[in-house]
Amino acid sequence: SECLEGTREKIQASIVEHLKKAGNRFVWLRGSPGMGKTAISLSIASDLEKQCILAASFFWDK
């Protein structure tokens, strides 16, 4: 599921700004299980899809 409204806004904005810069095509989210990496990824993907600029894939590795 996506992030709850009003949560993790700073990190989402930071990632989107990073991706807007030419040459920045990758983001590596890492951390302990349950910290919200998937929710952040899904929220950003949903927002980009609404703007018709989504072109991404996700890769998870243990």
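Taking the conditions exactly as written (among the charged types (D, E, K, R) and modelled with pLDDT of 90 or more), does Glu49 satisfy them or not? Talk me through it step by step, then tell me what you get.
Values: among the charged types (D, E, K, R): yes; modelled with pLDDT of 90 or more: no.
Here the answer is no, as Glu49 does not meet what is asked.
Could you give every pair whose Cβ atoms fall below 8 Å, whose first residue belongs to region 30-47 and is over 16 Å from Ala13 (Cβ atoms), and whose second residue is part of a helix (DSSP H, G or I), counting only separations of at least 6 or pairs across chains?
Matching pairs, first to second residue: Arg30/Lys37; Gly31/Lys37.
Restricting to region 8-29, and then to whatever is assigned to a loop (DSSP other than H, G, I, E, B) and either within 20 Å of Asp61 (Cα to Cα) or in contact (Cβ under 8 Å) with a residue 12 or more places away in the chain (or both), can you tell me which residue is farthest from the chain's Cα centre (by Cα)?
First, pick out the residues of region 8-29 that are assigned to a loop (DSSP other than H, G, I, E, B): 8, 21-29.
Checking which are either within 20 Å of Asp61 (Cα to Cα) or in contact (Cβ under 8 Å) with a residue 12 or more places away in the chain (or both) leaves us with 8, 25-29.
Numbers: Arg8: 10, Arg25: 12, Phe26: 10, Val27: 8, Trp28: 9, Leu29: 8 Å.
The selected residue is Arg25.
Taking region 30-45, which residues are closer than 16 Å to Ser1 by Cβ and more than 9 Å from the chain's Cα centre (by Cα)? If you could, list the steps in order and put the result at the bottom.
Residues of region 30-45 that are closer than 16 Å to Ser1 by Cβ, as a first pass: 33-45.
Selection gives Pro33, Gly34, Met35, Gly36.
One line per residue, one yes/no per condition, for (1) of a type outside the set (S, T, N, Q); (2) surrounded by 11 or more Cβ atoms within 10 Å (Cβ to Cβ); (3) modelled with pLDDT under 90:
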| site | (1), (2), (3) |
| --- | --- |
| Glu2 | yes, yes, no |
| Phe26 | yes, no, yes |
| Pro33 | yes, no, no |
| Ala39 | yes, yes, no |
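The values are calculated or read from the model by the stated rules, or taken from the named source; none is laboratory data. Keep in mind it's a predicted model, so treat the numbers as computed, not measured. For neighbour counting, all protein chains shown are included, and Cβ atoms are generated from backbone atoms with ideal geometry for every residue, glycine included.
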